[in-house]
Amino acid sequence: MPTISQLPSAVQITAADEVPLSQQGTARSISVGTLLEGTQPAIMAPTGVLLGRTSLGPGGPEPIDIGPGLHLDLGVLAATGAEHANFAMQTRLVPGDQAILNSGGTPKLLELSLLRGLFSAGANIAVDPTGTISVTGLGAGQAGVSVPYNITGLPLVPTIVATDLLGISQGGVDRAITYENLLDGQTIDRAQPAGSAADTDTLWVGQSGSTMLRQTWSAMWVWISTKLQTYKTPTVEVTTNTTLDGTVHNAHVLICSQPVTLSPISVNMGDGFCCDVINLSAGSVTFGGGIVSSSGSRLLPAGQAATLRSATYSGGSVIYATVSGPGMASSVPGQVVGLFESSVTTTSVTLSWPPLSPPASSYNVQYRMTGTTTWSAGISASSPACAVSGLVPGSSYDFTVSGVNGAGVGMPSAILTTATSAGVNLPGQISGLVASGPTSTSVTLNWLEPTSGGPSSSYTVQYRGAGTTAWITSASGVAVPSLVVAGLTTATTYNFQVFAVNAAGAGAPSVAVTATTGVGSAAVSSANWNVAPFGSYSHGSGAIGVNAHVSPATAAVQFGFSTSAMVPPSSWTVASLVNTDLWGAYVPTPTTVGTWYAWVEGTDGSTPTVYATGFTVI
């Protein structure tokens, strides 16, 4: 009988093919289909795929996807960590949170509170169980015993710069401030008021370094006197048209190397301004409008010099040029002929005329309202044309022009009469301005409507501090002739003026009136001493300066001296408001020898406050 290995191989297997089978010891045959009936068929799946059962009911295995963070390779299923990207975001850590830890190649969980065990606090630092790090303010002592922090144990620095920090206590809380800001806090208004200046007064100076030293006024004057002997007037060369300024040209020699125009502005020059002008150009130097020349001409010929002075007097301000040098005209100019108006508006007339031959150095234009006899002071024109402005609309005027040179003023032209265009007239000047009812922060103004000019449509109210020049507009568009000017400073003197306004413009301002605001009427709620007497004073000699911060700031106070810290003074000195809430006074030095105490209280007797430390009168 042949063996199985000796049988020929089957090329294809079908369900009907038969194979031998031993059944209870008897050889039998059975088909392949019958033999395999009910058995699991072969499962074919690609590499990297898991098989499982995801559907309900009978059926064969189904592919199962590998989720994010897992990888199947050669039958090994491993985590990749990619699933972390889909975790929820934790916005705040707490000690009970956990993190994944690699410990010797083994993944473990770590509670975040255990991380504190890796850290220890250094000198003057503490870490509490919740992880808070704070400064202890103590240094290390012997055997772990804490000792108070000692600033002398810190390293020394040789210099200090503006950005260095200094420690301060502000409202009981430790803070830091830059050295620069600390110095800025030492303002001059916190110093005790000084008396009259004297040679023994001292100043802060720096000599060969940044160290602050003191110097007396008398020593300063000795030094200045030695410098005056060698002082030389500085020189400025002027090559373009220039506006004179006190900070640049005062007490200077101006060398004009080009035929320029020098224009004055008295507010920039100031009272007492003086300079010398030398014309070294090939042409004439022109003095701008507002300069009065001793030669009568606004031209300074080449090779001549002039001294310019600015002065303020009862008639106003004047800038005067004293011209010196040869070459002055020997005769006055001839008469201007052919005067005519080249343009007319409601408030101006522009005049033109043929130039004189020989030419005049300038022209004097005068005008008056037709029917009157008084001519204007005159307008100086450097060319044969001039615009006269500020006239009344719809009014007739007379005009004349005269030539001017170094010899004088020529014969005036024939009178030209012309009228401005009709229009709304400017309102007249306000009259009857009265200031009344001053309070600590306001003054009431009343005035009369103008009786001349065009009708007023509104009023503008202005004020300024007495002794100042700049006006401040309190209100404009005021409809009635009355206004309460508010927001003023306590115990301060002010000037007030009002002018009327209409479509043509603003009328002339009223005559200024003066009023002084009152002191605060409120009772004093607190007074804190800023400067109080200390040391000893000669009895009956001069006065002692004192001041205090007062609340409310507008409440007036008075100062006095008493021999008792319990009994208020019998006489008082009313204080003045220094600034903000600081009130001060000079109280006469007591005439009786002994210990005295300084007192402050409201002028109504509210909140009497004594300075606890007495002073000695000897």
request  = Would you kindly compute the Cα radius of gyration of the range 235-349 and its largest Cα-Cα separation (Dmax), both in Å?
outcome  = 16.0, 47
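Order these by the 10 Å Cβ neighbour count, fewest first: Trp353, Trp529.
With the fewest neighbours first, Trp353, Trp529 line up as Trp529, Trp353.
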query = To the nearest 0.05, what FRET efficiency results for Arg28 and Glu62 with a Förster distance of 45 Å applied to their C-beta separation?
reply = 0.70
query = To one decimal place, what orientation-averaged projected area in nm² is obtained for the convex hull of the Cα set of the range 431-516?
reply = 5.2 nm²
query = Taking only the alpha-carbon positions of the range 474-618 and ignoring solvent, what does the Debye formula give for the base-10 log of I(q)/I(0) at q = 0.12, 0.14, 0.21 Å⁻¹?
reply = -0.59, -0.70, -1.19
note = With -39,500 (n - 2.57) per DSSP H segment of 4 or more residues and division by the full residue count of the chain, the 222 nm estimate, nearest 500 deg cm²/dmol, is -1000 deg cm²/dmol
query = What ranking do 168-175, 509-516 get when scored by the average of other Cβ atoms within 10 Å per residue, highest first?
reply = 509-516, 168-175
note = Between Thr516 and Leu115, the two model label points (7 Å from Cα along the beta-carbon direction) sit apart by a distance in nm of 7.2 nm
message = Sort 287-294, 119-126, 413-420, 496-503 by the packing proxy (mean of other Cβ within 10 Å over each peptide's residues), most packed first.
response = 496-503, 287-294, 413-420, 119-126
Tilt relative to the chain, helix 217-228 - C-alpha long axis, 0 to 90 degrees, to 10 = 70 degrees
remark   = Cα-based Rg and Dmax for the range 330-455, in Å, come out at 20.1, 67
Packing-based order for 270-279, 337-346, 14-23, using average beta carbon neighbours within 10 Å, highest first = 270-279, 337-346, 14-23
request  = Any chance you could get the radius of gyration and Dmax over the Cα atoms of the chain, in Å?
outcome  = 51.0, 171
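Evaluate the relative contact order of the range 297-402 (contact order divided by residue number), counting alpha-carbon pairs under 8 angstrom at least 6 apart; express in whole percent.
Numbers: 168 pairs, mean separation 25.6, N = 106.
Normalised by residue count, the contact order of the range 297-402 is 24 percent.
From Cα pairs below 8 angstrom and at least 6 apart in sequence, can you work out the relative contact order of the range 235-324, rounded to a whole percent?
Once normalised by length, the contact order is 26 percent.
Throughout, read-outs are computed from the coordinates displayed, never taken from laboratory work. Given the structure is predicted, the values throughout are model-derived calculations rather than measurements. Positions of Cβ are generated from backbone atoms using ideal geometry, with glycine treated the same way; all protein chains shown enter the neighbour counts.
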